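The values are calculated or read from the model by the stated rules, or taken from the named source; none is laboratory data. Worth saying up front: this structure is predicted, and the values here are computed from it rather than measured. Every residue, glycine among them, receives a Cβ derived from its backbone with ideal geometry; neighbour counts consider all protein chains shown.
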Amino acid sequence: MDPFVSDLINALLVALIPVAIGALGWVARSVIGYLKARINTEQYQMLEQIAATTVASLSQTLATKAGAEKKAAAIALVRAECAKRGLSLDEEAISTAIEAAVYRERLKG
């Protein structure tokens, strides 16, 4: 490959990393805002805690599995735990909470 093209591609990649991180942060804030608007504060805090615990657990126990398998397992576990606690949430709210928990978990690690 031409060295100029290679240098140009590297410079673009380096420039896009902060943009991508900023975009992920914006998405996470939007997701959290969406969830807060859909359910009351107490339910949101409970869902957030359940999702965070589930994501942390699954990232250790299913480390070798694909992302889709982990997400399906997380949705099933969060749905079951919410049902035990009397929370009736739709699939989209649970999925969104899991995605936010995954984002926060990645920021920690």
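Quick rundown of the values:
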read-out	value
Residue that is surrounded by the fewest Cβ atoms within 10 Å (Cβ to Cβ) [pool: residues in the range 1-47 that are under 21 Å from LEU107 (Cβ atoms) and in contact with a Lys or Arg (Cβ under 9 Å, 6 or more places away or on another chain)]	LEU24
Every pair of residues 6+ apart whose Cβ atoms lie under 9 Å, when the first sits in the range 80-108 and is closer than 16 Å to VAL55 by Cα while the second is surrounded by fewer than 20 Cβ atoms within 10 Å (Cβ to Cβ) and among the aromatic types (Phe, Trp, Tyr)	ALA93/TYR34; THR96/TYR34; ALA97/TYR44
Extreme residue, modelled with the highest pLDDT, among residues of the range 22-42 that are assigned to a helix (DSSP H, G or I), hydrophobic (A, V, I, L, M, F, W, C) and more than 12 Å from GLU99 (Cα to Cα)	TRP26
Pair list, Cβ < 6 Å and 6+ apart or interchain, from the range 22-50 residues that are in contact (Cβ under 8 Å) with a residue 40 or more places away in the chain and over 19 Å from GLY86 (Cα atoms) to residues that are surrounded by 14 or more Cβ atoms within 10 Å (Cβ to Cβ) and not β-branched (Val, Ile, Thr)	ALA28/ALA100; ALA28/TYR103; VAL31/ALA100; ILE32/ALA100
Selection from the range 61-109 of residues that are in a loop (DSSP other than H, G, I, E, B), out of contact with any helix residue (DSSP H, G or I) (no Cβ under 9 Å at 6 or more places or on another chain) and under 19 Å from MET46 (Cβ atoms)	GLY86
